[in-house]
Amino acid sequence: MLVILSTATSLNAAPNTVLKVTPKLASTASAISVAPKRSVPSVAEAEKFLKDAEARLDKLGIAAQRAVWVYETNITDDTETIAAQANEVALAAVGEIAIQARRYNDLALSVDNKRKLKLLQLSLSLSDDQDRADYTRLSAQMSGAYGKGKFCKTPGDESSCMNLGQLEAVLAKSRNPAEMKEAWLGWHQQASSYKDSYAQYVEVSNKGAREMGFADTGALWRSQYDMPADAFAAETERLWQQVKPLYDSLHQYVRLKLQQAYGKNEVPTEGPIPAHLFGNMWSQSWENLYPIVKPQGLSANLDISDTLKQKNIDAKGMTKFAEGFYTSLGMEALPASFYQRSQLTKPRDREVVCHASAWDVDGDQDVRIKMCINQTAEDFLVIHHELGHIYYDLAYRKQSSLFKGGANDGFHEAIGDTVALSVTPNYLNKLGLLSEVPDASQDIGVLMDRALQKVAFLPFAYLVDQWRWKVYSGQVKPQDYDKVWWELREKYQGVKRPAASNGDGFDAGAKYHVASDTPYSRYFLATILQFQLHRALCREAGYSGPLNRCSIYENKAAGKKFQAMLEMGTSRPWNEALNAVAGEDKLDATAMLDYFAPLKAWLDAQNKELVVK
Ligand code: X8Z
Ligand code: ZN
């Protein structure tokens, strides 16, 4: 089973590191680096090494997962230390095994074993005890700080404090710019408390990447896609260029609508738009703007939030609906322990990390999600996303443990979203969650709603790692964290900071994945990939109409094709997994562009007309 070392363990997607332990004692990593030169090992020795490594990493991985689960569902000083220590033990084994794996690189091994050796070497190795302790301590500390983060209007007065969920709700619902700005600034301000930790963490992490022969941690991250690191960077840029015109059209239209709503003082006619006006803390997903930007005359109500409340469909009920989609495809029911062990709602009596995550605790049946579910349309989709991780975990559990992972981390993120693309108005109506099915004349509205989630997200998903790659390479130093973060946000998203920065803030750290050091390119890939998978599965289901009206609900043929890909796990390069479903072996944004083509034409016409007015 695969475990990411950092509390991002829980996000369960990037095979940064793989853990295992044999019953024999782990020798220290520093001992390895001075190991005497040995003769060329045999194939049999390599096979034994891999088998032992898998068993050893499995055992340590499970222990670390449990410790981190307890920490993230009950943040205290003790659970923080326990989680950091469990990760430290695991990290020692990962590094040690990664270095040892090099001995076998030139042997004529089976394709599978060659791949396992390669995967083992795509991880950090910190041979110094102090470095490992620092790395895991800083990592746990930052995740905890993020989870506990609060903005207190009156410093020192607990009753004036708001947590992230409450601040996000202000941005989602308020139409008062001053109020939104306060919530935005409050959350971003709290992140500066862990800026120094982050800067130290970057240094230690780079040491670990360099021990494994990578230029820095960013280069290690970019090396995890079955292609050279530079080729990966070029590939993501190619995809961004493919989708940029679509984003630009949406951004321009939303600008005009925001200007109508808030006036020219708040929303400039040119240049970046203040980031607090998009209904989301990171301006990464704009669906809360739907009431402001929805096409006139296209009045279909797509928001199921009220119905969920009226019908008393609670967090578990919402999760059951999502599970029902997967089982309708022919996939298995979730194990009973899933409902016993998951955290579906925010506990009232303790601090937790609310950011949604899926956990494959034992590489077998012990799967869980951790969320703080609200009865909203947004969370309804997030549950589908999380169950995508879970169904992937369950599907590849028969693989040997180094292959228990996604084809790449973008695949892991794309599965649930692919399913959620089939959560169409028609499907919601079938479930009794939407009273009216909008007819084809309302499609622009439905597409707009989706575009606010998916198209709006693209530049953010792209830029987070543009920033981190620069930070890890040393091109951006701590004193310039904010400066470069906002250069990128202006350049790609076309958004700006609502007020000048005090110069020493850590706005990037106000995003969960930076504080928890979870790579983010995966979400960019996933956004493109989910449309490719959706197009292919709809084709498999015999569907040939507009992609936004396709739902693969209850389609066993599509389900079978999907499941076969999920079962492959990491065992084959990702393009083979894509090929298995789509008969294509490259990422390609045309599926996404096709999906939104009617909206793109509509936006361009509106933009012309609205500008002339
Ligand atoms: O972090 C997540 C998931 C867990 S893997 C809830 N997402 C990204 C985010 O929230 O920033 C899903 C979409 C992007
Ligand atoms: Zn995810």
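The values are calculated or read from the model by the stated rules, or taken from the named source; none is laboratory data. In this text the structure is predicted, and so the values were computed from the model without any measurement. Because the Cβ atoms are built from the backbone with ideal geometry, glycine has one as well, and the counts that use them run over all protein chains shown. Just so you know, the surface numbers come from the protein's heavy atoms only, side chains and all, with ligands and any DNA or RNA stripped out. Shrake-Rupley method; radii C 1.70, N 1.55, O 1.52, S 1.80 Å.
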The ³J(HN,Hα) series, computed from each phi in segment 165-171 with the Karplus coefficients 6.51, -1.76 and 1.60 at θ = phi - 60°, rounded to the nearest Hz and given as x for glycine or proline, is x, 5, 5, 5, 5, 4, 5
Residues other than Arg137 with Cβ under 9 Å of its Cβ, Lys/Arg counted +1 and Asp/Glu -1, net out at -3
In whole percent, the fraction of accessible protein surface over segment 268-383 that belongs to carbon or sulfur atoms, probe radius 1.4 Å, stands at 44
In segment 513-588 the accessible area split gives carbon plus sulfur, as whole percent at 1.4 Å, a share of 46
Carbon/sulfur accessible area of segment 438-511, % of total, 1.4 Å probe, equals 47
Heads up, segment 199-284 by the C-alpha gyration tensor (a ≥ b ≥ c square roots of eigenvalues; a/c under 1.5 rounded, else a/b over b/c prolate, else oblate) looks oblate
Summed over the other residues with a beta carbon less than 12 angstrom from that of Lys511, with K and R at +1 and D and E at -1, the charge totals -1
Between the alpha carbon centres of segment 341-374 and segment 184-231 the gap in Å comes to 25
Among trypsin sites (Lys or Arg not before Pro) in segment 510-600, those in a DSSP loop whose Cβ has at most 16 other Cβ atoms within 10 Å are Lys586
Here Rg/Rh (Cα, Kirkwood) for segment 138-255 equals 1.10
Summing +1 per Lys or Arg and -1 per Asp or Glu among the other residues with Cβ less than 14 Å from Leu109's Cβ gives +4
Sorted largest first, the C-alpha extents of segment 357-447 along its principal axes in whole angstrom are 50, 25, 19
Percent of all alpha-carbon pairs of segment 464-518 at distances over 14 Å, whole number, is 52
Quick calc, Glu576 & Asp349: beta-carbon distance into FRET formula, R0 51 Å, rounding 0.05, result 0.60
Rounded to one decimal in nm, the spacing of the 7 Å Cα→Cβ label points at Leu610 and Ala231 is 4.2
Output ordering of 162-172, 230-240 (per-residue mean of other Cβ within 10 Å, highest first) is 162-172, 230-240
In Å³ per residue, the alpha-carbon convex hull of the chain encloses 146
Over segment 140-253, with neighbouring protein chains present, the accessible area per residue in Å² at probe 1.4 Å is 41
For segment 515-613 (alpha-carbon point model, no solvent) the Debye-based log₁₀ I(q)/I(0) at q = 0.12, 0.17, 0.20, 0.25 Å⁻¹ works out to -0.51, -0.85, -1.03, -1.32
Heavy-atom accessible area of Tyr391, protein chains in place, probe 1.4 angstrom, given in Å² to nearest 10, is 0
Under the Karplus relation with 6.51, -1.76 and 1.60 and θ = phi - 60°, whole-Hz ³J(HN,Hα) for segment 582-599, x at Gly and Pro, equal 10, x, 10, 10, 10, 5, 8, 7, 5, 4, 5, 5, 4, 4, 9, 3, x, 5
Length gained, Glu584-Glu332, 0.36 nm per residue minus C-alpha separation, equals 88.0 nm
For the chain, averaging the sequence separation of alpha carbon pairs under 8 Å that lie six or more residues apart and dividing by its residue count, the contact order in percent is 18
With DSSP loop assignment and no more than 10 other C-beta atoms within 10 Å, the GluC sites (Glu not before Pro) in segment 264-339 are Glu270
A correct Stokes-Einstein calculation for segment 414-482, using the alpha-carbon Kirkwood radius, 20 °C and 1.002 mPa s, returns a whole-number D in µm² s⁻¹ of 141
Residues meeting the amide H criterion for Ile273 (H placed from the backbone, H to H distance under 5 Å, 5 or more places apart or on another chain) are Val495, Lys496
